[in-house]
1. Does Lys300 qualify as being in contact (Cβ under 8 Å) with a residue 60 or more places away in the chain, crowded, with 21+ Cβ neighbours inside 10 Å and among the basic types (Lys, Arg)?
2. What number of residues in the range 340-372 are under 26 Å from Leu92 (Cβ atoms) and touching a helix residue (DSSP H, G or I) at 6+ places or on another chain (Cβ under 7 Å)?
3. Is one or more of the residues making up the range 321-329 closer than 19 Å to Gly97 by Cβ, aromatic (Phe, Trp, Tyr), assigned by TED's automatic domain parsing to the domain that holds Ala293 and in contact (Cβ under 8 Å) with a residue 12 or more places away in the chain?
4. Report yes if some residue within the range 404-416 is within 15 Å of the chain's Cα centre (by Cα), buried (at least 20 other Cβ atoms within 10 Å of the Cβ) and under 22 Å from Arg281 (Cα atoms); otherwise report no.
5. Can you tell me which residues in the range 162-204 are in contact with a helix residue (DSSP H, G or I) (Cβ under 6 Å, 6 or more places away or on another chain) and part of a loop (DSSP other than H, G, I, E, B)?
6. Considering each of Glu400, Glu389 in turn, give the residue that is within 27 Å of Pro289 (Cβ to Cβ), in contact with a helix residue (DSSP H, G or I) (Cβ under 9 Å, 6 or more places away or on another chain) and surrounded by fewer than 19 Cβ atoms within 10 Å (Cβ to Cβ).
7. Residues that are outside any loop (DSSP other than H, G, I, E, B), under 30 Å from Gly104 (Cα atoms), more than 16 Å from ligand 2 (Cβ to nearest atom) and small (Gly, Ala, Ser): does the range 325-342 have at least one?
8. Are there any pairs, at least 6 apart or on different chains, whose C-beta atoms fall under 6 Å, with the first in the range 347-370 and in the same structural domain as Asp414 (by TED's automatic domain parsing) and surrounded by 15 or more Cβ atoms within 10 Å (Cβ to Cβ) and the second among the polar types (S, T, N, Q) and not in a strand (DSSP E or B), and if so, which?
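The values are calculated or read from the model by the stated rules, or taken from the named source; none is laboratory data. The shown structure was predicted, so the numbers you read here are calculated from the model rather than taken from an experiment. Here the Cβ positions follow ideal geometry from the backbone for every residue, glycine too, while neighbour counts run over all protein chains shown.
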Amino acid sequence: MEEKISAAKERKEALFARHKHGAYRMSAEEKAAAQDFAKEYTAFLNASKTEREACMEAEKLLKENGFVPFVPGMELKAGDKVYRNNRGKAMLAAVIGTEPITEGVRICAAHIDSPRLDLKQNPLYEDHELALFKTHYYGGIKKYQWGAIPLSLHGVVVKADGTSVQVSIGEDEGDPVFCVTDLLPHLATEQMKRPAGAIIRGEELNLLIGSMPFNEDEESESVKLNILHILNEKYGMTESDFLSAELEIVPAFRACDVGLDRSMIGGYGHDDRVCAYPALRALVDCKTPAHTAVVVLADKEETGSDGNTGLCSSYLRYFICDLAECFGAKGRHVLSASQCLSADVNAAFDPTFPDVMEQKNCAFLNHGVCVTKFTGARGKSGTSDASAEFVGVVRRLLDEKKVIWQTGELGKVDAGGGGTVAAYIANLDVDTIDVGVPVLCMHAPFEIVSKLDVYMTYRAFSAFVE
Ligand code: MN
Ligand code: MN
């Protein structure tokens, strides 16, 4: 009897797939390394509240590590490091490999834009002696989550004379913050009957920015005047300058550890800076790779990737073509031989909302970096669906490098769905698969990830580009 059980146990060990908490498979050194990496990532996240700021931080890190601006036609050899900043909103960087470029490049593609509120082009008004900004939300948000929380204002204003000023208010100690007001529960009887998507409506996402008049003259719109006066003193701008501005409203709070065990990080914009930073670090930390390693940090993913800084644009293709030409090769031959990890987050299982997940196939916090074979909705519509062969390649690589990883599908069939930039890169004839960090509260002002998963994502990208 006893012999029979142990034979079954042995067969189980050999044949069953194992899914368990990654901590059981990590050494003390690895756990310490994960904590250290989390600190560096948290600092990056706090400095990168918008796509422009993330792009600036990325450029800083690249320059510090010897990357130089790419010039088409420049002479390149193995170990050379180059980057191209696309309009201050997207970043391309590469480390030249020892293999001929016609053997293909290894691309990690993440996005650095996150859901937020944008100011409208004519945003400022006064209503009953309060000054407010009109907004238009960007990306998929639950609008009610943006009421009654501290918000900060970031972006750029291009003035009439063509000069521009950077704006960042609400991040530094002692800075004022802003707020979208919500109704008190005492008077919300009717509001609470609205469907959740309309608890705060799009045109109710108005940002409170002031309440004092310019001076004692009882002039109308004096509170608005006072705000314009302050903005003029600080930035030299007038009301018309909002027309050529991109001002973004994001949560004002800092990213921080979550849990008594400090195992998680909470913050705004994990999606997708939690993949962008590990991808960037993997590139910066790699020694001379075999295949040329490329990282692209894209904008506009949250609105469908259109526009010249989004990945439906040609700038990634142009960059690869320009790199190819430096070696006398054809860009399309390089692309056809290339591989890509589309580095984006996936939904983590939430025990409070188990119904939307199919628990045999969803991602769990702390089970490691998540490999997503396909995304899409309603019968995989919109997915690029990685081939079994390419999943096999990635799987072997992760196992060989002892990266803790899991597979994850975005929710139950027909529960909803979503997409990433994977399809746009796969459409360039590149073998592509989604790989990234599982997230709780995705797209909320405060998203949660596990430090273990973030570190394993860095390890996965490192294994891929090395
Ligand atoms: Mn994303
Ligand atoms: Mn997203």
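1. So Lys300 fits the description; yes.
2. The total comes to 8.
3. Yes, the conditions are met somewhere in the range 321-329.
4. Within the range 404-416, not a single residue is within 15 Å of the chain's Cα centre (by Cα), buried (at least 20 other Cβ atoms within 10 Å of the Cβ) and under 22 Å from Arg281 (Cα atoms).
5. Scanning the range 162-204 gives Leu183, Ile199, Ile200.
6. None of the other options fit; the residue is Glu400.
7. Yes: one or more hits.
8. Val369/Thr457
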